[in-house]
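Engineer: Take this structure, written in structure tokens, and hold onto it; I'll ask about it next.
The values are calculated or read from the model by the stated rules, or taken from the named source; none is laboratory data. Predicted, not measured: the structure shown is a model, and the values here were computed from it. Because the Cβ atoms are built from the backbone with ideal geometry, glycine has one as well, and the counts that use them run over all protein chains shown. SASA here: full protein model, heavy atoms, side chains in, ligands and nucleic acids out. Shrake-Rupley method; radii C 1.70, N 1.55, O 1.52, S 1.80 Å.
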Amino acid sequence: MMYDQTRAQQPAGQNRGSSERRTPGPEPLLPSSERDKVLQRLRHALNTFADTPHDALQEAESAYDEATAQLVSALAARRELLRAGWADQDPESPSGSASDSEEFRNALRQYREITQRLLQL
């Protein structure tokens, strides 16, 4: 493999050329249809604020409440899926295999990623 000086000088995280494969980003926490519904309600609130500010604020608050409820529900479902993948395995048992260890490692990575995403909100 040859040293690519141009690539080496690019800042970390910069978009790569089309010839290089990119790994997909994290999976969205909410389905796009649900996000779109909440965003539509929020846009409606913004667009009607001049005529009916109180109603617009109530609509914005309702959109916020809906988004947080959906997010909490999605996070709880994600947690249950993660836990189901490792909770019944015992890493200390003599029958514990390398695949069990890999399952634990994968679960830990997923917990780390989702927690970091939450802390960046």
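Engineer: With a 10 Å radius around each residue's Cβ, average the other Cβ atoms per peptide and rank 108-116, 39-47, highest first. Numbers along the way, then the final one.
Structural biologist: Details: 108-116: 12.7, 39-47: 14.2.
Descending mean neighbour count gives 39-47, 108-116.
Engineer: Sorted by accessible area with a 1.4 angstrom probe, largest first, how do 34, 61 fall? Could you put the intermediate results ahead of the total?
Structural biologist: On the way: 34 55, 61 115 Å².
Per-residue accessible area, sorted high to low, gives 61, 34.
Engineer: Another question about this same structure. Give me the accessible area of residue 75, 1.4 Å probe, in Å² rounded to the nearest 10.
Structural biologist: 40 Å²
Engineer: Could you sort 49, 104 by accessible area so the largest value comes first, with the probe set to 1.4 Å?
Structural biologist: Numbers: 49 105, 104 50 Å².
So, going from the largest accessible area down, we get 49, 104.
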